[in-house]
Each structure stands twice: as structure tokens, then as C-alpha cells.
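This report refers to the structure that appears directly beneath it.
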Amino acid sequence: MELDASLVQLPCSARTGSPGSGASSGTGVSCRRQRKRVSLLNISNFAFLTRSCRRPWYWGVVLLLVLGWPLVVPATGTFVSTTNQESPFVEPPGTWEGGASDQDRDWDEPSWPDQRPIKEPGRVDTFTAPGVGLHPATLERLRAGRDIELIVEYVSPNLPANADATTIRRGQRLNKADVLHEMQVFDVEEVQDYSHMPMNVLRVRSLEAIEALRHDPRVKSVHEVGFKSLQLNQSLPLIDQPAAYGLGATGSGTTVAVLDTGVDYSRSAFGSCSTPGGSCKVVYARDFPADDGSRDDDGHGTNVAGIVLGVAPQARIAALDVFRADGRASDSDIIAALNWSVANRSTYNIVAVNLSLGDGQRYTGSCGGGSYDTAFSSLRSAGIFIAVASGNESYTNGITSPACVPGAVSVGAVYDSNVGSISWRSCTDSFTAADKVTCFSNSASFLSLLAPGALIDAAGLQQGGTSQASPHVAGAAAALKSACSPATSSDILSALQNSGQSVTDSRNGITKPRIDVAAAVRRLTSTIDCGGGGGTLKPDLIVSAISSPTSGTAGSRITASSTVRNQGTVAAGAFRLGYYLSTDRTITTSDIDTNWGCDVDLLALGASHNCSGEVEIPATLATGTYYLGAYADKKGQVSESNENNNALATSNTIYITGVGGSHALSVSKSGSGTVISSPAGIDCGSTCSASFTSNQTVTLTAVPSLGYSFTGWGGACSGTGSCQVTMNAHKSVMAGFTAVVSRGPDLVVSTVSSPATGMAGGRIATSATVVNQGYTTAGDFLFVYYLSTDRTITASDTYLYWGCEVSSLAPEASFTCHGDLPLPDTLTTGNYYLGAYADKNSDVSEGNESNNGLAASNSLYLTGTGGGQYQAEHYYRKVNAYFYGTFGRSATSDELSRWGTVLRDNNGSAWKPMGEGLQHYLSNLMGWGAGPLDVYTAGSIVDQVLTNLFGWSWEIDRQIMNYYVEALVEGYIRPRGLVNAILNDLVIMPRADGIYSQPNGWTGGVSIQGLLTSDQFARYRERIESTGL
């Protein structure tokens, strides 16, 4: 059988611009399409036709499948034959570096070592299939047709040496996207992306896919996802924490990310909180695996976080739960939490991470080459200290992973006191004492530190293990960082190691430093410049923040809050903070004393104290505008290095209704402009508040400065016209002005169109246009859609996961993103606003970052949950289409009901749930495999499916037949995916709303979409709609 290849367009590597369609977008194709006549049975002609569209690794796969030759493709891209002679180089098991190895053999004939070897330095402990580093159980999982997850690490993008972090991340993102796009032929999908690392997690379903990744030059290494397990009030005095606190090592202003089982922040150790954030010691909490509905279902993470706060009492905790319900933590979830720590370092001032977990295996040296190398390198580059438990297996010549990974600070455990004889899971200590290394603690010559690990009471729990030693070090790192902010992770580790108490492990004679936090503070501050200056050591009290309402009544109370901080060089003794009222922003002790405040017993160096409560306004106060202020050390009890910076007033005024009958109107502004009142009184400019007679109407007019525009009112007024305020109470108004001229790019959404109605789970036609109104070209950015309950569109609204990728946009140029937008099926019935947002990921540095969103002028009424979402019967046409394509018949009523329900529950996907969806069910019944096929079998199957769908195949355009035969032979389409491909390529896939279409972003079938006649489509539609519906 000879195919007319002139009618076949071979798919080449391409990267499309977006899931939507755009009026101006670039599509880069990596090779020209070939137009030759060739017999697919002639391998030389076949090779000539396809060679320019294939990467070097492809030939190893083709020749191995077609000719049975075991080939190796070196990283240079040249071809060499293999021999049975063993190479002197052995790839680290479980990790595959970019380029091929000398160990390649047939995929289906791996050989395994008889025993699991003890780890050696630089080696990853796992069973190894030559050329494919997989555990035997994992290989069996693939052979059984099940998927596995892999951590893929990519080579650094080819960028200038001075590229900034945003450019590097963009290059990494494009690298990942290109590889993922080209891997679609192997049914590979991305499970998780690490936004701040050149890594992601892919789900693969075949050894062919793994081979393709191994030979891709953009892939640095591939790692099988492993799992880690947990590493199970005398300790603070032992490490001299109280003295360190007096030296300013409090942890103030820092956050430690605890990767563990979660944290029960409702306990008193964390502030008895109901939610993270605010005054809670836990600033953030998240489950990285599926949410188990519990703050901490084990208690381990709670104890670990409590230890961190014991060492650094003023630090905060980011509670990152990485453990699943089965008690294990996957590498992919752990690395996701590390990626989050890097991404949010600035937001929470994350200075350290703690990992009290490990794989239980012994490494006798540094274990580089694994999936944690890049992750730890990213943390170190971000200035984050990495404390990791060494493990509890009683090893005396090795530690576990990830403690052995380069960049990790590995921590072993000592007793904090004599606790008598005690037995552990792996050993027994017949006697114990402070600074005795525990019998369970893993030890090695390359261990970093020792710390108290048994028995440790924290957060109301008592536990013992290297898990408890590691957070002592993480807390010490936070404490040292707060005392000396310029200190790097290396500075902190050096201070801890060189100042610690030497302890010798009696089991192996190895001596390591047990941390002494006070000694480390002294060493750190004496060896590097911490910015403290010289001179006499004294405290220096300042009020760093104060808040108050904008109105009040004489004789009543108002809620106020202020924070005092000691920015001096030593702790401050007892003092009183008081509240005053003033007619100006300069607060002194001669102002109006409210006689309310807080007594502070001691304030350590760098520490802060919050004073909040109900402040009583003197009953004799006259009506007018005042400022509330806080004054530290109002009685002069503390001798300070600066006595002139003890007070601070609120930024807003407070209008007091006292003697008299007027009300105050205050105006605040953003941007540059003037607000004028009628009657006169406000000219803001200079005078931004005034009193007006009760019930008087005041009109405000906004006048923008040159180069600015007025954007609207807030507070007591809204809109962009004149503002009229009735003075029946104290009122405040905000006026917004925005700069018109921008030196850089400035992305503005100019139009958004939306229908008036829609249905959850359905699609709506929409269009939005973004304009660059700045002066320079904007680089790549995402232009996406959101749903909001109001007209203000921000990145915190409901993201619809649909939009366009814009490659660049010149000044005054525009880009329109339009198409059929899918709506989530979880939306509730109600009114919404559809909005578009330019530069979703903040890839472009703009002159104005606050004008990127716009809502449609009309509202969108959605029928959602409880109001008419799609039902099973809406998917009956789709079920019939698949049954006709596979069997040539309609589905029975039972089959329609069963599979219509499955499609409804999976948002119309024929591939989900994985392994149990409609596509998998039909493929199993037909016995269609993964391919590729020979040309005769492929021709027979294509003819059968086309006949099933259209009644006969002889009048179907021959190019359609050629297209799918060639795709099955070359492996672009698997036999089990043929029906799905035909329905999508020919734009005849039935949707739940009754429309026949193609999924957004589908790139297949471009050359054949117009070849199906209207009569053929009508016959197909009549077949699938006439029976069983």
C-alpha cells in the first residue's frame, strides 16, 4: 500500500502562542514541512521524508522499533552501536542525566541487582534498569498500563549573564512548555510546576516517554518521585538561648518555613488562633498534598514549630504540610513547598526552612545528583538557611537524604539532660546526660551540627528525635538573622559551628559542635558588620506604627493600636507607653493626655511590643480635628541613645464631636491633583480637612495636575463626576489621580465584551483588547480572563484559566484575545462581571501597575449550581459519537446513562477519571493498543472508524485517510486515541450545549479540517442523534 505523501503534512515541532486565538501572535515552527511521494514500507525513503522534523533521539527509537537494532545516541547527536561490554562509568541509579548513557539496552529487558546496595558518596540509592532508572515496582506499574510521576530538571536557558530573575524564570517557563508540547505524542501531562526553579513534575505512561525525556538536550536530569518519612525544658538553657535573647537574637521580623505535618495554631504556643496571619504566630498554612482537613493530624509538625519559637520567640512560622494521609511525603510535594518558600521569601521574610524528614537510607558522603540539588541551590541563592534532620536509624557512618544534599545543614541529636535509661525504636541508652549523643542519631564525618533532640517539650507535646534537634538550629538561624540582618546563611552556619560546644560521639569518636546561640551571636556580631555602629550601648525606643478611627465623640472610647520597637544596641528596662491627642502631627508630653497606655516590663534589642485597646476621649474636649499619637517612655524611665524620637502620630486625622454642632470633612488623595470644596474650606493641595455645619451639602471638585488624570472617588463619594456630600456626620472622601505619561510600557485593557447570560460548565463568546499606552515595547506576558462580583478586576478574582500569551507589544499597539471561554462548573447562580487582565504573572515592569484590569460594561448572569448546570443527557451525543466511531452502533440506553453521568462528573472529558474514562473503556473492548502500527493494520483501522462514523468511507477525501494512516504508523496518534482525534481534527466533536466544535488550543488536523463535506457531516450528525437520544 503506497500513501500519497504529497497530501500529508507531517507535524513538526511548534509552539503556539496561547490556548485562545489572537489577532496578532507569533507561531514558531522548527522545520519546514516536506512534500514527497514515498512508500512507508521503504525505510530509506521514510527516513528521508522525516529526518528534518526529528530530534536526534528519535532515530534510536525508530530503528529500535523497526529494525530491532540496539542503538545509543550520544549527547553530541552522532550514532554509535552498542556492545555487550560493560562501560566503566555507571549512571547514578534513579537519576538520568541529559544525553544518552553507555548503558542503553532494550526497554523491555531490564536487569536488576540482586541486593539493594548501601549508599556510597554521590550515589542515589535505588534499583536501576540500565538506561531507565526505575524501581522494579515502578516498571511493573508502567507495564500494567498505569502512570508514574517524575521530577524533571531542565538545563538553564541560554540567556545573557546579566539576565534578571524575571527573565530567567520566563526562559525556564518557555523551556518547560516547549518540552511538554513535544511530549504530547507520548500522552505526557504536567502535574506540578515549580515557578521559581527549572523543574516540574510530569506524569508519564510509557518507557518510550522516559527515553524521549532522557535524550532531550533541554532536559538536565529526570528523577523518580521518592517518599520521605518523619524523623522523630532543658534544651533552651543548654544552648544559652535566654542570654542570646538579651543580646537581641529574638527572631523578630523573621519567618521559618516548617515543612512537616502541619501546625495546630489553635494551641496557646502560637497565639490560640482561629486562622493564620494577623497576631497569630503562624503567618501562613497550606497543605501541599490533598487537604486532609486537619491543622496537624500527627502533632509532629506542631512540636517542631514550637521548638523553633522556643529558640526564636518573636519569629513567625509558615506551616507547610507536605505529608499525605498515609504518613509519607513525596519529593514532588516537598520541592513544591521549597519552591513556595523561595517565591514568598520577601513577602514573609523567610530566613530558614526546617525539614525534619528523611528517606531512611544511609549515605556515607555528600549525595549530590538528586532532585534536591537544584531546589537547595535556589534556596541558598535566595538567602534561606536549610536545616535538615540527619535521621534516626543509628547509623554511625552515614546520614539520610535530604540531609546529605549539598547546601543542607545536617543536624544530629544530643540529650538536654539526664532522663534515665531509655529505649528507642532502634537502640537503647542505658544512661543519659546533657550533651550525650543519642543512640538513634545518625552520625558521619560530614555532619554539620548537633542540637538538643531528646526529650523536648514544645507546644504542649513531648517528643524526641533528630526531628527535634533540627528546629533548634532553624530557630537559631532566625534568631541570629534578627540580630544581624546582613548575615548570610554561610555566616550563620560558620558562627554556629565555630562557637558551639564540642561534643564527641562515643560510638565513633567523631566530634561535632553542639550549638550555643549566645556564643554564636557574639561571634557573628564581632566578625561581620551588622550595621549597629559603635559608641555606648543603649536602647532606643521608637513608635513604629499607630492606628485610629477617623471620628469619635468626647467622653466616649475609640479603638487604637500602636507598636513600640527597641532599635538600640541593648535591651530596654521597664517603661510606659501613653496616648495623646494633638492639633498637629508633632506629639509631645505637653499635648492632651488621654491617661491611657501600656506598661512594658522589658524590651529586648530588636524586639517590638504592641499596645492596643479602648482609649477614652476627654469629656471636655471641644469639637474639632485632632491627631492621635503614642509616646514611648512618657515618664522618662529609660536612658536612651536618642531621646527625641519617642513619638508618632496617626497619618489620618480624627474628628471629635464635642462642644458645638459641626462635622468634619476630610479628603485624602493618591497621585497628583487638587480637590476644592464649595462652600470654601477645603483646598487640597494644602488644606485637606475642614468643618461644616450639620446637614450642609458640600460639593467637591477634582482637578488633576499636569500629566495626570482623575480616575474616581472613594469613601463617601463614587464615580468620576462631581462629589456631593451631606454633612450629617463626619465624612471622609478619597480622590484618585493617575499619571498619564509612563517612561516604560503601560498595559491597559481598553475593551471587554461579554454576553448577558451564561451557564456554569458551558462556554461564552468573548473578546478583549489590550493596548500598550506606554513609551517602550512590552515583553512577553499573559492576557487572561477573570470573573468578579464587582467591576474591579484584580488577580484575586476567580481566574478562568483561559486567555492568550502575547509575545510582545510595541507602544500604541494593541492585541485582541477572543474565543469561546469555558466557565467553571462550580459557579453558583448569580450576577458576575467578566473581566480581562493584562500581565497576569507580572512579567512586564510597567510605569503604572494598577491599571491592568477591566470589566465588561454589562453584567453576566450565570445559571450555576442549583440552577440548571449540564446534566448527563447533555452528553449523550458525545457518548454516541464515541460508540459509533468504535463499534459502528449507538450506545444503549444503559450505556448512555452510565457514560453520560461519567462525562458530566468530569466536565465532559472522555479521558477521565484516569484509567476508568469512556476512552479507556472502549479501547479495552476493542483491544486497541498503544501502537505504532504497520501501514496495513493502520489502513484497516482508519477505514473501519471512518465507515462507522459516516456510514461508508469510499467517498471520504483520500487525504483524510492518508493523514490518519501516516499518524498511526509514525506514532503521532495511538490507536486508542484515533476516534478522539478524528472527532476533534474534523471539528465534529459534540459539546454539551449542542454545538459541534474543536477544543480551544487543539492544533491537530489543520490540513484536513476543510475536506469534510456538509453532506458527510449531516449524515454523521443524523447517525449519532437519531438513536438512543
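The values are calculated or read from the model by the stated rules, or taken from the named source; none is laboratory data. In this text, all values refer to a predicted model and were calculated from it rather than measured experimentally. All Cβ positions, even for glycine, are placed from backbone atoms using ideal geometry, and neighbour counts span all protein chains on display.
Odds and ends about this structure:
- Scan of the stretch 762-791 for residues that are of a type in the set (S, T, N, Q) and either part of a loop (DSSP other than H, G, I, E, B) or farther than 30 Å from Y996 by Cβ (or both), ordered by number: N772, Q773, T776, T777, S788, T789
- Any hit, the stretch 904-911, residues being in contact with a Leu (Cβ under 9 Å, 6 or more places away or on another chain) and farther than 22 Å from Q998 by Cβ: no
- Qualifying positions in the stretch 418-458 - out of contact with any Cys (no Cβ under 7 Å at 6 or more places or on another chain) and of a type in the set (D, E, K, R): R425, D435, K436, D457
- Checklist (1) modelled with pLDDT under 90; (2) crowded, with 17+ Cβ neighbours inside 10 Å; (3) among the small types (G, A, S) applied to S556, failing item: (2)
- For the stretch 429-449, a residue qualifies if it is exposed (fewer than 15 other Cβ atoms within 10 Å of the Cβ) and at pLDDT below 95, and the qualifying residues are S430, F431, A433.
- Verdict on G475 being closer than 23 Å to I422 by Cα and either part of a helix (DSSP H, G or I) or in the same structural domain as A408 (by TED's automatic domain parsing) (or both): no
- Output for the stretch 726-747, where each listed residue is part of a strand (DSSP E or B) and either surrounded by fewer than 19 Cβ atoms within 10 Å (Cβ to Cβ) or in contact with a Ser or Thr (Cβ under 9 Å, 6 or more places away or on another chain) (or both): T726, K731, S732, V733, M734, A735, G736, F737, T738, A739
- Filtered by the rule that a residue be small (G, A, S) and at positive phi, the stretch 553-596 gives a lone residue, G555.
- The one condition in (1) of a type in the set (A, V, I, L, M); (2) at pLDDT 85 or above; (3) within 28 Å of R328 (Cα to Cα) that V155 fails to fulfil: (3)
- Of the candidates E616, E640, the single residue that is among the acidic types (D, E) and surrounded by 17 or more Cβ atoms within 10 Å (Cβ to Cβ) is E640.
- Each residue in the stretch 534-551 was checked for being on the phi > 0 side of the Ramachandran plot and either outside any loop (DSSP other than H, G, I, E, B) or among the hydroxyl-bearing types (S, T, Y) (or both), and 0 pass.
- Unique residue being under 33 Å from the mean Cα position of the chain (by Cα), assigned by TED's automatic domain parsing to the domain that holds S381 and either buried (at least 22 other Cβ atoms within 10 Å of the Cβ) or not in a loop (DSSP other than H, G, I, E, B) (or both) when the list is S485, S494, S502: S494
- In a residue-by-residue description of the stretch 549-563, the property of being within 30 Å of T525 (Cβ to Cβ) and either within 44 Å of the chain's Cα centre (by Cα) or not assigned by TED's automatic domain parsing to the domain that holds S732 (or both) applies to at least one position.
- Residues of the stretch 539-586 that are among the polar types (S, T, N, Q) and touching a Cys at 6+ places or on another chain (Cβ under 9 Å): S561, S562, T563.
One line per residue, one yes/no per condition, for (1) touching a Phe, Trp or Tyr at 6+ places or on another chain (Cβ under 8 Å); (2) outside the structural domain of A716 (by TED's automatic domain parsing); (3) of a type in the set (A, V, I, L, M):
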| site | (1), (2), (3) |
| --- | --- |
| S672 | yes, no, no |
| A680 | no, no, yes |
| F692 | no, no, no |
| T701 | no, no, no |
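- Meets criteria (at pLDDT 90 or above, within 23 Å of the chain's Cα centre (by Cα) and under 30 Å from A165 (Cβ atoms)) for C804: yes
- Filtering the stretch 928-967 to residues that are modelled with pLDDT of 85 or more and polar (S, T, N, Q) leaves T937, S940, Q944, T947, N948, Q959, N962.
- Residues satisfying the stated conditions in the stretch 240-275, i.e. modelled with pLDDT of 90 or more, surrounded by fewer than 24 Cβ atoms within 10 Å (Cβ to Cβ) and within 15 Å of V517 (Cβ to Cβ): T254
- Residues located in the stretch 570-596, provided they are within 19 Å of A619 (Cα to Cα) and either assigned to a strand (DSSP E or B) or not assigned by TED's automatic domain parsing to the domain that holds Y627 (or both): G578, Y579, Y580, L581, S582, I592, D593, T594, N595, W596
- Among the strands (runs of 3 or more DSSP E) confined to the stretch 309-428, the ones with at least 2 residues that are crowded, with 24+ Cβ neighbours inside 10 Å and not aliphatic (A, V, I, L, M) are located at 316-321, 409-415.
- Top-ranked residue of the stretch 227-239 - restricted to ones that are over 28 Å from K538 (Cβ atoms) and among the hydrophobic types (A, V, I, L, M, F, W, C), ranked as modelled with the highest pLDDT: L238
- Looking only at the stretch 620-638, and only at residues there that are of a type in the set (G, A, S) and in a strand (DSSP E or B), the one that is farthest from I592 (Cα to Cα): A632
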